[in-house]
Amino acid sequence: MKIIMLGAPGAGKGTQAKQIAAKYEIPHISTGDIFRANIKNGTELGKKAKEYMDQGMLVPDELTCDLVMDRIAQDDCERGFVLDGFPRTIPQAEALTNALTKIGQSMDYAIDVDVPDENIVNRMSGRRACLNCGATYHIVFNPTKAEGVCDACGNETVLRDDDKPETVQKRLSVYHDQTQPLIDYYKEQNILKSVDGTKPMDEVFSDIVAILGE
Ligand code: ADP
Ligand code: ADP
Ligand code: ZN
């Protein structure tokens, strides 16, 4: 099963993608996580990506597409994968379509997690991330057991630099300009499904399972 998660920053793509990956036993591929791991390890890619991420801008397609194509060509992706945060532009979507077409494949579902802009700023200011293991929490909707400590690995959880309100506004406008057009792109490919992302997390997940099948 090959799945794309669509939705605004903070819509809950990552939260849902992790559960999908666990239930259907497929890898969760988050471009944001890959960039953050590169930043943490001080790689050249990380240095370049950080300049864009800190400003709420997209990392250029040239730095993003090959990375994802290499990842989905790995053995563990044979039974499928869930893409979280990719594609984010029409050229990225076309690169993905072309790469899969070459090997006689195509994506199965593009799931749009729909959340209006008004809800997003609250979501983001309450998000806490563990930069060690990638786990994500929310101070109200999904708190850690001990404040500021990751349940999964014990490292500290932080407010991401790009989750500060000024940057969130910028990311939302980038989303509307560059990423939202993908909804129509996947509608035309007949694989678009929408879920109401304002519901509680477990209800959103049930709605997704109803689409993907038990
Ligand atoms: P969120 O889950 O809140 O939308 P991500 O972790 O997916 O955030 O992405 C964080 C940042 O990483 C983005 O704002 C962008 O700068 C960069 N990024 C992630 N994925 C892509 C992509 N497919 N294309 C370009 N930039 C990306
Ligand atoms: P994205 O990957 O789309 O940027 P996340 O999955 O990181 O979004 O979720 C953004 C924030 O909102 C996190 O703090 C997460 O815990 C919280 N969150 C996710 N889904 C829901 C939901 N259905 N209701 C309330 N909060 C949510
Ligand atoms: Zn952790």
By residue number, the members of region 75-95 that are touching a Pro at 6+ places or on another chain (Cβ under 8 Å) and without any contact (Cβ under 8 Å) to a residue 60 or more places away in the chain are 76, 77, 95
Per the list (1) modelled with pLDDT under 95; (2) surrounded by 15 or more Cβ atoms within 10 Å (Cβ to Cβ); (3) not in a helix (DSSP H, G or I), residue check on residue 214 breaks on (2)
Listed by first then second residue, the pairs whose first member lies in region 118-133 and is more than 8 Å from ligand 2 (Cβ to nearest atom), whose partner is basic (Lys, Arg), with beta carbons under 7 Å and at least 6 positions apart or on separate chains, are 131/36; 131/40
Taking region 67-117 and the residues there that are over 18 Å from residue 193 (Cβ atoms) and in contact with a Cys (Cβ under 9 Å, 6 or more places away or on another chain), the one that is surrounded by the fewest Cβ atoms within 10 Å (Cβ to Cβ) would be 91
Scanning region 4-22 for residues that are near ligand 2 (Cβ under 6 Å from one of its atoms), of a type outside the set (S, T, N, Q) and at negative phi gives 9, 11, 13, 14
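Here's the yes/no breakdown for (1) in a helix (DSSP H, G or I); (2) more than 18 Å from the chain's Cα centre (by Cα); (3) hydrophobic (A, V, I, L, M, F, W, C); (4) more than 21 Å from residue 113 (Cα to Cα):
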{"position": "162", "(1), (2), (3), (4)": "yes, no, no, no"}
{"position": "175", "(1), (2), (3), (4)": "yes, no, no, no"}
{"position": "184", "(1), (2), (3), (4)": "yes, yes, no, no"}
{"position": "190", "(1), (2), (3), (4)": "no, yes, no, no"}
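The values are calculated or read from the model by the stated rules, or taken from the named source; none is laboratory data. In this text, all values refer to a predicted model and were calculated from it rather than measured experimentally. For neighbour counting, all protein chains shown are included, and Cβ atoms are generated from backbone atoms with ideal geometry for every residue, glycine included.
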